Amino acid sequence: MSETVSSRSTLIISAIVIIVIVIGSGILLFSRPDAVQITINPPLPTETPVPTNTPSPILIYVTGAVNEPQQTITLPFASRVSDAIDAVGGFAGDADMTRVNLAGIVRDGDQIHVPSVNDSLDNTEISTLPTPSGGAVIYINSATVEELETLPGVGPTTAQRIIEYREENGAFTSLEDLDNVSGIGPAMLEAVADLVSFE
């Protein structure tokens with residue numbers, strides 16, 4: 001009799017254990033948190049910088065009373081006469097520095113001739129080459145306010161507007177571009193047409 005009770009108790013206990021396991025498994029199954037979704041957002045595209053219009057170096061020929069005359073030198077765009085003189089070792093001892101504009105801007109292909117104090121002012125070659133060649137032409141893409149003011153009808157305000165426009169919009173390529181500057185109209189464009197270069 002006791003063996004029967006013991007067997008029954010074992011079966012009941014086993015059944016209870018099985019029920020508890022089943023219930024526990026069910027609870028774990030249904031109470032499991034939802035799967036986490038990972039979304040990878042690609043980075044926003046970065047703006048590609050607009051290529052700048054970098055001017056090429058310029059070639060200059062220097063002659064006269066300098067320490068290394070008859071030299072062809074390469075300088076950065078918009079260099080000054082003083083830069084060219086420095087590149088050939090500076091002035092020679094007999095150089096007439098009063099006849100050379102050190103602040104002048106040199107252009108590609110210019111010749112800079114430094115006269116000697118012994119040179120005659122009547123010497124045609126010397127008188128035509130004391131500073132860079134180019135005459136009255138203004139290089140609109142590198143000219144200073146002072147140089148721009150030499151153009152007919154261009155005062156300090158308009159000259160400053162020209163410089164601000166080219167800094168914001170890039171180099172001028174034609175008279176039509178120049179027409180976009182505030183204060184410049186058809187009459188002024190006609191007046192300066194033969195006096196400006198867009199190099």
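The values are calculated or read from the model by the stated rules, or taken from the named source; none is laboratory data. From a predicted model like this one, the values you see are computed outputs, not experimental measurements. Cβ: placed from backbone, ideal geometry, glycine included. Neighbour counts: every protein chain shown.
Things worth noting here:
- Test for residue 131: is it out of contact with any Pro (no Cβ under 6 Å at 6 or more places or on another chain), surrounded by 14 or more Cβ atoms within 10 Å (Cβ to Cβ) and at pLDDT 80 or above: no
- All positions within region 142-198 that are of a type in the set (Asp, Glu) and assigned to a loop (DSSP other than H, G, I, E, B): 149, 179, 194
- All positions within region 150-175 that are closer than 18 Å to residue 139 by Cβ and either assigned by TED's automatic domain parsing to the domain that holds residue 78 or among the acidic types (Asp, Glu) (or both): 164, 167
Every residue, every condition in (1) surrounded by 15 or more Cβ atoms within 10 Å (Cβ to Cβ); (2) closer than 16 Å to residue 103 by Cα, yes or no:
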{"residue": "138", "(1), (2)": "yes, yes"}
{"residue": "147", "(1), (2)": "yes, yes"}
{"residue": "150", "(1), (2)": "no, yes"}
{"residue": "163", "(1), (2)": "yes, no"}
{"residue": "167", "(1), (2)": "no, no"}
{"residue": "176", "(1), (2)": "no, no"}
{"residue": "179", "(1), (2)": "no, no"}
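- Identity of the residue in region 74-103, within 22 Å of residue 197 (Cβ to Cβ) and buried (at least 19 other Cβ atoms within 10 Å of the Cβ), that ends up modelled with the lowest pLDDT: 79
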